[in-house]
Amino acid sequence: MSDYAHHPQEIYQSAKSIRELYKHRKITAVFQPHLYTRTRDFYKEFSDALSQLDEVILCDIYPARELPIEGVTSKLIYDQLKDGVEKSMIHKEDVLELVKKRDFDVLVFLGAGDLDNYVPQVTQILKNKNKQ
């Protein structure tokens, strides 16, 4: 699945819906924060929303029209995720390799950056795995 959710409230609602659909399954989200200012202003809210999921894989911030802000990285969100949530950080360019190496029960991509460009390739990787 892929969801354009890029604000904490949108992520909260998306996570809630996915959790209702897949009550007893492990849900993994790959999240690419969108904008340095939004990450700076809402990292705690992002962490709370993402903490509804079982595993969170954070990518680097998609800057869009912004320049980096010193000290503002995905690690702000990572550090605030609730205990019990599996978490990791990767570069966006490593997502396809991660999907090739790992098995997922439910996988969702979240964010308004360019991470969703990988969805067709991820879909193909997962289809090929299911054929084996």
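Figures for the structure shown
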item	result
Carbon plus sulfur fraction of accessible area for region 39-100, probe 1.4 Å, in percent	48 percent
Ordering of 56-63, 123-130, 76-83, 91-98 by burial proxy (mean other Cβ atoms within 10 Å per residue, highest first)	56-63, 76-83, 91-98, 123-130
Estimated vicinal HN-Hα couplings, Hz - region 24-34 in sequence order (Karplus 6.51, -1.76, 1.60; Gly, Pro = x)	10, 10, 7, 9, 10, 10, 9, 10, 10, x, 10
Other-chain or far-sequence residues with amide H under 5 Å of VAL106's (modelled H)	LYS26, THR28
Amide H within-cut-off set for LYS87, under 5 Å, with H built and near neighbours excluded	VAL56
Partner aspartates and glutamates for LYS75 [C-alpha distance under 12 Å; skip if fewer than 8 residues away on the same chain]	ASP60
Total charge dipole magnitude, the chain, about the Cα centre, Cβ charges on Lys, Arg, Asp, Glu only, Debye to nearest 20	480 debye
SER74 long-range amide H proximity, modeled H, under 5 Å	ILE61
Farthest toward positive dipole pole in region 1-123 [+1 Lys/Arg, -1 Asp/Glu at C-beta], among THR28, ILE77, LEU67	THR28
Entries in LYS44/LYS129; LYS23/LYS87; LYS44/LYS127 that, when Cα-Cα distance is taken, lie over 31 Å	LYS44/LYS129; LYS44/LYS127
3J(HN,Hα) from dihedral phi, region 92-97, Karplus parametrisation 6.51/-1.76/1.60, rounded to Hz, x for glycine, proline	3, 5, 9, 4, 4, 5
Solvent-accessible area per residue, Å², over the chain with all protein chains present [probe radius 1.4 Å]	57 Å²
Eligible aspartates and glutamates near LYS26 by straight Cα distance, threshold 15 Å, same-chain separation 8 or greater	ASP54, GLU55, GLU86, ASP103, ASP105
Per-residue [θ]222 nm for the chain (sum of -39500 (n - 2.57) over DSSP H runs n ≥ 4, rounded to 500)	-12500 deg cm²/dmol
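The values are calculated or read from the model by the stated rules, or taken from the named source; none is laboratory data. Just so we're clear, the structure is a prediction, and the values are computed from it rather than from any experiment. In this analysis, Cβ positions are derived from the backbone assuming ideal geometry, glycine residues included, and neighbour counts consider all displayed protein chains. Remember, those area values only see protein heavy atoms, side chains included, never the ligands or the DNA or RNA. Shrake-Rupley method; radii C 1.70, N 1.55, O 1.52, S 1.80 Å.
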